[in-house]
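Worksheet for the structure shown next.
Only the coordinates and a few stated rules stand behind these numbers; no lab work does. Because the structure is a prediction, the values reported are computed rather than measured.
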């Protein structure tokens, strides 16, 4: 489950911010995650809540935006949405790197992102 390692790395960055800014309490974190990362959003939220418990980040929320994939085919010059296998899994479609136009292999141009988009915080009194 790579969601736990992503949540752990995210916590490291957020704790650095929180320690450098003791007058700010983090209340919400927004992430952008590409669909090619194959990250289950609910599992990531669960991991985030579990490892933030008992820390200064406890109670903050995690909002996740999906970045849809774009592929480019070096064979036929197709540029656009990738081909999906719809019946592979029950829960979701699976992105392929097969060109939807010519069927040869395509390159992912977008969809591998995993980044903090924004951090919302409230001012606190330093004691």
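Structure summary
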quantity: Angle in degrees between helix 2-20 and the longest Cα principal axis of the chain, rounded to the nearest 10; calculated: 40
quantity: For the chain, alpha-carbon Rg over 2.2 N^0.38 Å; calculated: 1.33
quantity: Helical mean residue ellipticity (222 nm; -39500 (n - 2.57) per DSSP H run of 4+; nearest 500) of the chain; calculated: -8000 deg cm²/dmol
quantity: Helix 41-52 axis, angle to the chain major axis (alpha carbon atoms, nearest 10°); calculated: 20
